[in-house]
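Asker: Take a look at the following structure, please.
Every read-out reported here was derived from the displayed coordinates using simple, explicitly stated rules and does not represent laboratory data. Values in this document were obtained by computation on a predicted structure and should not be read as measured data. Note that we place each Cβ from the backbone using ideal geometry, even for glycine, and neighbour counts take in every protein chain shown.
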Amino acid sequence: MTEDQFAALRDRMVDQQIRARGVVDPRVLAAVRQVPRHLFIPQHLWDQAYNDYPLPIGADQTISQPYIVALMTEILEVKETDRILELGTGSGYQAAILAELAAQVFSIDRMGDLARQAKEMLDSLGYKNVQIRVGDGTLGWPEEAPFDGIIVTAGAPKVPRPLTEQLALGGRLVIPVGDVWSQTLTCVRKTREGLKFEYHGGCRFVRLIGKYGWNGGQEAEARSD
């Protein structure tokens, strides 16, 4: 399949799967049209790259459904000057979408192999505004805080306290919160009056592993005050 054919599939994906379901931010739609999703998955799955469902990327991880990627990005309200933190680098696809929209992207994954592969792909595509580190994402990235936006691409039992602490005033945190089987897509806004919560429907993600996530029965640590 040629690059023009892949581009045509991306256009159809945006028009039929994303915009038709209510994602309307023109910058988000343009970013999704731009980023070649097929390059972020194994080559034998390229013929499915622009269908509206998750796909395996190895290590029991997945690349998220395109609609969910676009929806979470729209909820995050990314501005050109923003510094964004992503938890769960995975394939690097969401980081690429964010890199199209923000000034800087900081992404964390607990799996070194996935993080390295994602960095190689992002570098090859010319994204110079993305930094990736390996570690416990639930602790955030304190030395680079505060962040204008934080996006979490794994399901958490509660909102991790370090993430709200690392949000700038006026910042947004988008995170799936719930049990292992299903979560609610949640947006937390940091205001002068405190944290404000918004809810955007059900979703299902792999578990967020870490001190403030699903961690061998220590889920109580994930409580947000």
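Asker: Give the calculated FRET efficiency between L139 and R12 to the nearest 0.05, with a Förster radius of 45 Å applied to their Cβ-Cβ distance.
Answerer: Numbers: r = 40 Å, r/R0 = 0.89.
The formula returns an efficiency of 0.65 here.
Asker: When ranked by the protection proxy of mean other Cβ atoms within 10 Å per residue, highest first, what sequence do the peptides 135-143, 1-9, 38-46, 169-177 form? Before the final figure, lay out each step's value.
Answerer: Details: 135-143: 18.3, 1-9: 11.8, 38-46: 15.7, 169-177: 20.9.
Descending packing order for the listed peptides: 169-177, 135-143, 38-46, 1-9.
Asker: Continuing with the same structure: Of the beta bridges DSSP finds with both residues in segment 148-219, what % are antiparallel, to the nearest 5?
Answerer: Looking only at bridges with both residues in segment 148-219, the antiparallel portion is about 70 percent.
Asker: Separate question: Given springs between every Cα pair under 10 Å in a Gaussian network model of the chain, which of A99, A59, A145 has the largest fluctuation?
Answerer: Of A99, A59, A145, the most mobile in the Gaussian network model is A59.
Asker: Which whole DSSP H helices in the chain pass both tests: a Cα extent of 30 Å or more along the axis and a mean Kyte-Doolittle value no lower than 0.0?
Answerer: Qualifying helices, which must be both long enough and hydrophobic enough, do not occur.
Asker: Oh, and also: Would you work out the relative contact order for the chain, in percent, from Cα pairs under 8 angstrom that are 6 or more residues apart?
Answerer: 14
Asker: Express as a percent, rounded to the nearest 5, the fraction of DSSP beta bridges in segment 3-216 (both residues included) that run antiparallel.
Answerer: Percentage antiparallel, nearest 5: 45.
Asker: Can you give the local net charge around L173? Use residues other than it whose beta-carbon is closer than 14 angstrom to its beta-carbon, Lys and Arg +1, Asp and Glu -1.
Answerer: Summing Lys/Arg as +1 and Asp/Glu as -1 gives +1.
Asker: Still on this structure, I have one more. A 28 angstrom limit on the alpha carbon distance is what I want to check against. Which of K119/K190; K119/K211; K158/K190 exceed it? Walk me through the numbers on the way to the answer.
Answerer: Details: K119/K190 30 Å; K119/K211 25 Å; K158/K190 16 Å.
K119/K190, as the Cα separations exceed 28 Å there.
Asker: Then there's this: Based on other C-beta atoms within 10 Å, arrange S182, S107, S64, S124 from fewest to most.
Answerer: Numbers: S182 12, S107 28, S64 23, S124 9.
Least crowded to most crowded, the residues run S124, S182, S64, S107.
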